[in-house]
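Please read the structure below before turning to the comments.
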Amino acid sequence: MWILSFILPILRLYLVGIKVLLYQLFNKSFTLPVLPKQNGRVAIVTGGARGMGYETARHLASLGMHVVIAGNAEEEGLQAVKKIHEEGSEGKVEFLFLDLCSLKSVRQFVHRFKARALPLHVLVNNAGIMLVPEGQTEDGFELHFGLNYLGHFLLTNLLVDKLKRSGRHDACSRVVTMSSATHYVGRLNMEDLQGRSCYSAHGAYSQSKLALVLFTYHLQEKLTAGGFPVTSNAVDPGMVDTDLYNNLCIPAQAAKKPVAKMLFRTPAEGASTAILAASASQLEGVGGCYFYNGEKAESADITYDHNVRAELWKQSCALVGLQEA
């Protein structure tokens, strides 16, 4: 039984990967349309110093947006800022330290950002880890669940008032959250969200990506109920050639290299859907959606279950020390 619980998440994840690769074999990444200028708008991009986060930050800055790259590697973040500036982007770019593995760091980041007295129009929850060895965050949470999900859950909730005040009904603020196709095989165990009874890195990763979609929809439900000018959407970048795959086992990494060259998306291509959700005029006022390859798509059936979303939200509030509102 233990072996089955360990192997099934791996099989599910790799079957999803094969399905995505087959799609990408016959379908090119969509081309971003001409996007409107974003002068005067401010964005935070977590994990914006590398991979898809960097490409998202770079593109938003090229549209004139003031972009704050949030990450836990200062030197890398400052190098990303320098590189974007050297490209001659119209918008301002800066780096602020944020460690999503630490709830204290998340709160400190929000405090520093708010002290800048800037508005906030776009929050891109991009940072993530995948298939890392079993471990815990500073606060004792399983690493995938803690960084990918709970860190972003707290960050968004602490910034939501800023997003509400910055948005207008004809120019909404936007929350864009990076999920993936792995959420389709994710399993939520509300009695063991940390995976302590039977840990699987594959199961933990897919659960974190499922939690992000559930969070995205429940946040939109709350925003809509309050009549606030903020939208919340989840995006799926497809299979992208980034450092996330560095934690694959050696045989899987060897097999991945030739496949990645032919079938994986580039970080710029993977970032396209997030960029679209963050800035496209045709998505003004559109929230509570799951986007893949530039289009709306159906997410896993469980993500449309209000009771599941509400229970996860309730437990998440308790875990990060927020009063449920």
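Could we say that N125 is in contact with a Ser or Thr (Cβ under 6 Å, 6 or more places away or on another chain), touching a residue at least 60 places away in the same chain (Cβ under 8 Å) and not basic (K, R) here?
Judged against the criteria, N125 is a match.
So which residues in segment 290-299 are under 23 Å from A225 (Cβ atoms) and either in contact with an Asp or Glu (Cβ under 9 Å, 6 or more places away or on another chain) or open to solvent by less than 20 Å² (accessible area, probe 1.4 Å) (or both), if there are any at all?
Listed by number, the residues that qualify are Y290, F291, S299.
State all residues of segment 198-237 that are among the acidic types (D, E) and farther than 20 Å from L154 by Cα; if no residue qualifies, say none. Outline the logic, then answer.
Taking segment 198-237 as the starting set, the residues that turn out to be among the acidic types (D, E) are 221, 236.
Of everything in segment 198-237, just one residue is among the acidic types (D, E) and farther than 20 Å from L154 by Cα, namely D236.
Among the residues of segment 231-254, is there at least one that is small (G, A, S) and modelled with pLDDT under 60?
Taking segment 231-254 first, the residues small (G, A, S) are 232, 234, 238, 252, 254.
Cutting the leftovers down to modelled with pLDDT under 60 gives us 252, 254.
Yes; the residues of segment 231-254 include at least one that is small (G, A, S) and modelled with pLDDT under 60.
List, please: which pairs have Cβ atoms under 8 Å, are six or more places apart or on different chains, and start with a residue in segment 98-118 that is among the acidic types (D, E) and end with one that is assigned to a helix (DSSP H, G or I) and modelled with pLDDT of 95 or more?
D99/S105; D99/V106
Which one of these does L219 not meet: (1) of a type in the set (A, V, I, L, M); (2) in contact with a helix residue (DSSP H, G or I) (Cβ under 6 Å, 6 or more places away or on another chain); (3) buried (at least 23 other Cβ atoms within 10 Å of the Cβ)?
The single condition L219 does not satisfy is (2).
Yes or no: D139 acidic (D, E), modelled with pLDDT of 95 or more and surrounded by fewer than 20 Cβ atoms within 10 Å (Cβ to Cβ)? Explain how you work it out, then say what you get.
On the way: acidic (D, E): yes; modelled with pLDDT of 95 or more: yes; surrounded by fewer than 20 Cβ atoms within 10 Å (Cβ to Cβ): yes.
Criteria met by D139.
Go over the candidates G151, G140 one by one and state the one that is assigned to a helix (DSSP H, G or I) and among the small types (G, A, S).
Details: G140 fails: assigned to a helix (DSSP H, G or I).
Result of the check over G151, G140: G151.
For segment 260-282, give me the residue count where each residue is assigned to a helix (DSSP H, G or I), of a type in the set (A, V, I, L, M) and open to solvent by less than 20 Å² (accessible area, probe 1.4 Å). If you could, list the steps in order and put the result at the bottom.
Our first condition is that a residue be assigned to a helix (DSSP H, G or I); within segment 260-282, this holds for 260-263, 267-279, 281-282.
This time we only want the ones that are of a type in the set (A, V, I, L, M), so: 260, 262-263, 268, 271, 274-278.
If we keep only those that are open to solvent by less than 20 Å² (accessible area, probe 1.4 Å) too, we end up with 260, 271, 274-278.
Result for segment 260-282: 7.
Go through segment 188-212 and count every residue that is open to solvent by 40 Å² or more (accessible area, probe 1.4 Å), under 14 Å from Q315 (Cβ atoms) and without any contact (Cβ under 8 Å) to a residue 60 or more places away in the chain.
The number of residues fulfilling the criteria is 2.
Out of (1) touching a residue at least 60 places away in the same chain (Cβ under 8 Å); (2) open to solvent by less than 40 Å² (accessible area, probe 1.4 Å); (3) assigned to a loop (DSSP other than H, G, I, E, B), what's the single condition that is false for L163?
(3)
Being crowded, with 23+ Cβ neighbours inside 10 Å, under 20 Å from V176 (Cα atoms) and more than 19 Å from the chain's Cα centre (by Cα) is true for just one of V68, V93, V106, V124. Which residue is that?
Working: V68 fails: more than 19 Å from the chain's Cα centre (by Cα); V106 fails: more than 19 Å from the chain's Cα centre (by Cα); V124 fails: more than 19 Å from the chain's Cα centre (by Cα).
One residue alone meets the criteria, V93.
The values are calculated or read from the model by the stated rules, or taken from the named source; none is laboratory data. Note that this is a predicted model, so its numbers are computed, not measured. Using ideal geometry, Cβ is built from the backbone for each residue, glycine included, and neighbour counts are taken over all protein chains shown. For the accessible areas, the whole protein counts, side chains as well, though only heavy atoms, and no ligand, DNA or RNA atoms are used. Shrake-Rupley method; radii C 1.70, N 1.55, O 1.52, S 1.80 Å.
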